[in-house]
Protein chains: 2
Amino acid sequence: MKKQDLLQELRNIRSVAMASVDAQGNPKNRIIDVMLADENAIYFCTARGKAFYQELMMKPVIAITGMNASWQMIRLQGEVEHLTKQVMWIDKIFMENPQMKQVYPKDSRYILEAFKVAKGVLEWFDLGKEPINRECLRMEDDVQLLQDGYQIQTNCIGCNKCLSSCPQQCIKQGKPYHIVQSHCLHCGLCYELCPVHAIRKITECA
Amino acid sequence: MKKQDLLQELRNIRSVAMASVDAQGNPKNRIIDVMLADENAIYFCTARGKAFYQELMMKPVIAITGMNASWQMIRLQGEVEHLTKQVMWIDKIFMENPQMKQVYPKDSRYILEAFKVAKGVLEWFDLGKEPINRECLRMEDDVQLLQDGYQIQTNCIGCNKCLSSCPQQCIKQGKPYHIVQSHCLHCGLCYELCPVHAIRKITECA
């Protein structure tokens, strides 16, 4: 999947979950509409009086997740940018999302403020097919990542324990054995069972 | 809405978003199935090898949100309890959610660990109807809360500014004027416009 397809898919799903962190360091989560998408970013808005707005202004990071009708999930975690030219952005959002006029009629729309997410990590995860499928990329340069996955190192002794226990059968023989990353659940069962600790956890982007 | 109806509705929606906080204090968010619900709690599971598991064990707080087909949202933010008797819980989850056997066949299911959420704040929000409707309650005692809302105080001068600008027309005349809490968006427009600062922000449960 390409970055712009994933961003467009978030816009198609439209009502996605957006998580922020409050002043106490606790997570908050609510359904918010993706109002616009272009090839590099998604855009949303929230009202200045809401806790969500305060949280984003205090700590401009976000974790977004949505699921489409085919049970494919998209995740985006990254930085939030508070846009300049708010009136222009809010008017653009209302033009492309006319249902917003029902909720915020007339000039009440300007209690809303628009934000953009253009930096971070995009993940696509398809649990509905067999084998499961996943992909992860960094938005800034479209580079593929192995976020939160596992890798088998050269001290693998080829004992077959990981291969025979993997719930998704995504481990292949070789020297060393290897994990087909796109089909891995990241469950960690191979990591726990390896008798020589040849499997390491990777976190390419913390 | 009663607590147990909201918990059951989260189970009916099933695939909901669950947000946690990572070691860096950033939010993470992913789609997880609500596996069981009873009158006091919901239950879910995740694999020991996943970042989500590590995050919950480090900081056992969660923010859940889901939306049903009628565009009604349910939110639950609270404490996560790591269950004892894991084998019993995982077997119960697989009994009531047989599709899980496809993803974690045979004994691979025991890489999963079960969690419960029984303490926190439950919120129900219906944006699809006019007027919009919301309710919020504390799980421990089923008491209604006015979380993150606004209240008009006795220094209100009855100037009508809030009433005439409210996007949801949920402010009523009186001494002082008052906000019909169940129809309030929490947008904060009245709060910004009040010439005598008679409106205060409430956060009953921070």
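The values are calculated or read from the model by the stated rules, or taken from the named source; none is laboratory data. What you see is a predicted model; the values in this text were computed from it and never measured. Cβ atoms come from the backbone with ideal geometry, glycine included; neighbour counts cover every protein chain shown.
Please find, within the range B:39-91, the residue that is surrounded by the most Cβ atoms within 10 Å (Cβ to Cβ) out of those that are among the hydroxyl-bearing types (Ser, Thr, Tyr) and within 22 Å of the chain's Cα centre (by Cα). Among those that are among the hydroxyl-bearing types (Ser, Thr, Tyr) and within 22 Å of the chain's Cα centre (by Cα), it is B:THR65.
Applying the selection to the range B:32-86, what residues are polar (S, T, N, Q) and either at the interface with another protein chain (Cβ under 8 Å from one of its Cβ atoms) or assigned to a loop (DSSP other than H, G, I, E, B) (or both)? Can you show your working first?
Start the filter on the range B:32-86 by keeping residues that are polar (S, T, N, Q), which leaves B:40, B:46, B:54, B:65, B:68, B:70, B:72, B:77, B:84, B:86.
The answer is B:ASN40, B:THR65, B:ASN68, B:SER70, B:GLN77, B:THR84.
Output the residues belonging to the range A:124-143 that are touching a residue at least 12 places away in the same chain (Cβ under 8 Å) and either among the β-branched types (Val, Ile, Thr) or not in a strand (DSSP E or B) (or both). Selection gives A:LEU127, A:GLY128, A:PRO131, A:ILE132, A:MET139, A:GLU140, A:ASP142.
Condition first: of a type outside the set (Gly, Ala, Ser) and free of Cβ contacts under 8 Å to residues at least 40 places away in the same chain. Now tell me which residues in the range A:15-32 satisfy that.
Taking the range A:15-32 as the starting set, the residues that turn out to be of a type outside the set (Gly, Ala, Ser) are A:16, A:18, A:21-22, A:24, A:26-32.
Across the range A:15-32, the qualifying residues are A:ASP22, A:GLN24, A:ASN26, A:PRO27, A:LYS28, A:ASN29, A:ARG30, A:ILE31, A:ILE32.
More than 12 Å from chain B (Cβ to nearest Cβ), assigned to a loop (DSSP other than H, G, I, E, B), touching a residue at least 24 places away in the same chain (Cβ under 8 Å) and of a type in the set (A, V, I, L, M): is that true of A:MET1 in this structure? It is true that A:MET1 is more than 12 Å from chain B (Cβ to nearest Cβ), assigned to a loop (DSSP other than H, G, I, E, B), touching a residue at least 24 places away in the same chain (Cβ under 8 Å) and of a type in the set (A, V, I, L, M). For B:LEU146, state whether it is assigned to a loop (DSSP other than H, G, I, E, B), under 18 Å from A:ASN29 (Cα atoms) and touching a Cys at 6+ places or on another chain (Cβ under 9 Å). When the stated conditions are applied, B:LEU146 passes them.
For the range B:149-182, taking the residues that are assigned to a strand (DSSP E or B) and under 20 Å from A:ARG109 (Cα atoms), the one that is nearest to the other protein chains (Cβ to nearest Cβ) is identified as B:TYR150. Of all residues in the range A:189-206, those satisfying the criterion of being touching a strand residue (DSSP E or B) at 6+ places or on another chain (Cβ under 6 Å), at pLDDT 95 or above and either surrounded by 17 or more Cβ atoms within 10 Å (Cβ to Cβ) or assigned to a loop (DSSP other than H, G, I, E, B) (or both) are A:CYS190, A:TYR191, A:ALA198, A:ILE199.
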